Every structure is written in structure tokens, then in C-alpha cells.
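See below for the structure under consideration.
The values are calculated or read from the model by the stated rules, or taken from the named source; none is laboratory data. Keep in mind the model is a prediction, meaning the values are calculated, not measured. Here the Cβ is made from the backbone with ideal geometry for all residues, glycine too, and neighbour counts use every protein chain on show.
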Amino acid sequence: MSIHPNIKKIRADFPILETSVRGKPLIYLDNAATTQKPRQVIERIQKYYQEENANIHRGVHYLSERATIAYENTRKKVQKFIGAESPKEIVFTRGTTEGINLVAQTFGRLRVKAGDQILISEMEHHSNIVPWQLLCEQVGATLNVIPFDFKGELMEAEFDRQIERYAENIKLIALTHVSNALGTINPVERLIQKAHAEEIPVLLDGAQAVPHLPVDVKKLDCDFYVFSAHKIYGPTGVGVLYAKKQWLEEMPPYQGGGDMISSVTFKKTTYNEVPYKFEAGTPNIEGVIALEAALDYVSSLGLEKIAAHEMALLKQLEQAVQADAKLKEFVRPVGTAKEKAAVYSFTLGDIHPHDAGTILDRMGIAVRGGHHCAQPVMDHFGIPGTLRASFAVYNTPEEVNALVTGLHQVLEVFK
Ligand code: ALA
């Protein structure tokens, strides 16, 4: 746990960090919602439009060829970044949410029947709940939920019990790798081993994991892994679905349209090979291309160093709260799992998180307040929401101190 040695240079890479917010320097601590973008990513988008803009996979002309190469290079980069076996296992989507919906409506519609079950956990984000509810309603299946305990740790004994009891019926387990609302890092490798012992495939929602931990899908042996570019310093509107090739071959297409076909007649359409079968229409070309720049950027800083930096800030904040009598009286951390990412979710007495967030905003401090699109997590604790500070590689110890001061000011206003 230590501050990244290049923190000054890193901050200079992010033009938005020079912004003033309500007359104060921006302190951006809402990185679990989306990260800011380095110059390298912004410039890559500009270069695409200035020098390469063309549709991909279609033209025989120079620009189309160039754009196609850049687009496909990102696929190879993602493959290496997450340790997939082949670039054919990488499908570009609009984001984590679309990746999960894609699996629900292809794998799910093919394999899940009336009476079957999908198993998720109580700590899922809405995007890993609602697509499964929709599927279950469509086919007459049941959604089962593994609870978490008071610390925000998944109740593994309940996981074991469910898969032992319902192994025949559970057609997929869909779990978050890292919880956006609690920060919990789930023991996914072990859970996958247990699921596979019963031949149950597993999907991991990696939206909050990929930016903060080295992820190796082959080592994890997950069947599906989804994440979003915008949470790892890349553009919005782009995501990745990794799936083992055998599943992609078996799954029917998600959307119909250009590029996903091999031939079309009014009688019959045949489909393109994977992964193109799942990429209908003109995609977010500049977004995919800029994702390569984002992954290069992260690799140049080193994911382990990024994680150590973020954890140092988390520990600093935790210790500052513990050492401060007033904060200790009012701050209640929500999510205290032993294995945690750098997310600090908390309540501040009975002050509504929106009110506290608004006061902090006046000081230039951006945190998220609310249910974080994980209402069942809030229901578990019987609260409407939390305040959440989530760290990225450009945050500093001084910003943590500013947050501590900001929390005192919130308490002065309300208490
Ligand atoms: N899932 C995002 C968050 O946690 C939007 O804020």
C-alpha cells in the first residue's frame, strides 16, 4: 500500500483535474461511477476522427482498412489484458449492462427453461439483477439470491447449500467480482470451482474489478466476464463481454443487422463467425479504439501499483475517521469485508446522503450519494442510501484530508 511514485505526472495526464468546481479545485472521488479520462484517451479519439474515420469490416478503401485494424487491435489488447485464450472470445458491447443482457437473452433463452434457476447474490448492482428477472419471467424460471452478512461478505455456506440442493436446476450463477456499493471482493475463483464441480457455468460482473485488480479469466475459469471501458479511464458506451468460445458458438445471436450475418435472403439468414455474430450494426468505433489507449495507459502505470495507491488512500480515510472523535461518532461504514477494493461507503448520522453530497459539492468534492443502483444492498441495512468515496490512481492524500474536512463541515451544518 503506497502512493504511486508518478502521482504528479499522472495528475497532469488528466486535463479535467485542473477544473474549478464552484470556485474550488475539483476533488473527484466518484470513480466507481465513472473515471476521468487521460489525455492519451482523449487524443486517441481525436486522432481517429481526424485521420481514420470510416466504417469497419465493410470498405475496401484505405480508411476503412485502417479503422478496422485499429478496432481489431483493441480486441487483441483486451484479450491479453484479461488473459483470454483468443480474441474471438472478446465481444464489444455498449457496457457491462449490455453484456449481461446479451448473455441473459442468448445463453439464457437457449438454456434456461421453466422450473430452472438462476443464482445471484444480494449485493448485485441492478444490472446483474434485472436482466435475470426479465429472463425468469420470460421462461418461467426462478431467481435465487445468496445473502451477505453484516460486513458485506457473501454467505458462502448458503452458496454451498444452494448449489448442493439445486445443482440440477441452476443453469447459471451470476456474481459481482467487486461490489460497487460495499467494495467487497468476492472469492470468485473458489466459488467458480465449486460451481464447476456441479457443472454450473458462472458469469462475473467485473465492472468494479477490472480497473483495480489484475484479472485473468483463464485462471479464474469463469464462463463469462463483463466490464465497461468508462470505469477504466476509457470512453463511455463501450464494454466487453468475454465468453468461452464454446458458449459463443452455441449461443444464438443477440441483435440482428449488418456485420453479424454471413448471408441474407428472404428465406434464410446465416450468421457471421464469433465474435462478429454478436456485433450487429455499426459499433462505437472510436470508443473501442480509445479503449486500447486506456488499457495501454493502465498497463504503463501498472495495475498492482494502481491498486496499492488506491488502498493507501482507503486506509488513510479509514484511519482518519477512527482517529477523529466527531467523525467516529457519526460515520458508519457500510461494507467492511476483509477483502475490499478502494470504495468507502458510509452513512453520516441520519443526514440524507443527497444532502451531505450537496454540501460536499459546494466544496468542490464529488462523491456519490444514494443507493448506487444497488437498492437491495440498502434494504439489507435498512437505509435509503450511503455516501460513497471511490478512489482512482489520480487521487491524493491531500484530497482525502479535504474530504475529512468536508465531512466536518457537513456535520456542522446538520448537527
Ligand atoms: N455502477 C455505477 C456506480 O456504482 C454507476 O456508481
### Message
For region 68-107, give me the residue count where each residue is hydroxyl-bearing (Ser, Thr, Tyr) and part of a strand (DSSP E or B).
### Response
1
### Query
So which of Val215, Val238, Val264, Val274 is assigned by TED's automatic domain parsing to the domain that holds Thr96, crowded, with 24+ Cβ neighbours inside 10 Å and hydrophobic (A, V, I, L, M, F, W, C)?
Val238
### Summary
Only unsatisfied item for Val210, checking (1) in a strand (DSSP E or B); (2) within 13 Å of the chain's Cα centre (by Cα), is (1)
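Report yes if Ser263 is in a strand (DSSP E or B), among the hydroxyl-bearing types (Ser, Thr, Tyr) and over 30 Å from Gly234 (Cα atoms), otherwise no.
Criteria met by Ser263.
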### Message
Any residue at all in region 176-185 that's in contact (Cβ under 8 Å) with a residue 40 or more places away in the chain, within 19 Å of Ser390 (Cβ to Cβ) and surrounded by fewer than 20 Cβ atoms within 10 Å (Cβ to Cβ)?
### Response
no
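Yes or no, residue by residue, for (1) within 16 Å of the ligand (Cβ to nearest atom); (2) touching a helix residue (DSSP H, G or I) at 6+ places or on another chain (Cβ under 6 Å); (3) of a type in the set (D, E, K, R); (4) more than 30 Å from Asn144 (Cβ to Cβ):
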| residue | (1), (2), (3), (4) |
| --- | --- |
| Gly349 | no, yes, no, yes |
| Asp355 | no, no, yes, yes |
| Ile359 | no, yes, no, yes |
| His372 | yes, no, no, no |
| Asp379 | no, no, yes, no |
| Arg388 | yes, no, yes, no |
| Ala392 | yes, no, no, yes |
| Thr396 | no, no, no, yes |
| Thr405 | no, no, no, yes |
### Task
Read through the list (1) part of a loop (DSSP other than H, G, I, E, B); (2) modelled with pLDDT of 95 or more; (3) touching a helix residue (DSSP H, G or I) at 6+ places or on another chain (Cβ under 7 Å), then give the number of the only condition that Ala33 fails.
(3)
### Task
Confirm whether Leu172 is closer than 30 Å to Phe346 by Cα and either surrounded by 14 or more Cβ atoms within 10 Å (Cβ to Cβ) or touching a Ser or Thr at 6+ places or on another chain (Cβ under 8 Å) (or both).
no
### Task
Please verify whether region 42-56 includes one or more residues that are at pLDDT 95 or above and under 21 Å from the mean Cα position of the chain (by Cα).
yes
### Summary
Taking first residues from region 155-173 that are under 20 Å from Ala337 (Cβ atoms) and among the basic types (Lys, Arg) and second residues anywhere that are at pLDDT 95 or above and in a helix (DSSP H, G or I), the pairs with Cβ under 7 Å that are 6 or more apart or on different chains are none
## Note on the structure
If we ask which residues in region 397-415 are buried (at least 19 other Cβ atoms within 10 Å of the Cβ) and either modelled with pLDDT under 95 or under 25 Å from the mean Cα position of the chain (by Cα) (or both), their number turns out to be 3
#### Entry: Within region 11-22, considering residues that are out of contact with any helix residue (DSSP H, G or I) (no Cβ under 7 Å at 6 or more places or on another chain) and touching a residue at least 12 places away in the same chain (Cβ under 8 Å), the one farthest from the ligand (Cβ to nearest atom)
Ser20
#### Entry: Exclusive hit being surrounded by 15 or more Cβ atoms within 10 Å (Cβ to Cβ) and closer than 30 Å to Arg161 by Cα, set Phe81, Phe107, Phe92
Phe107
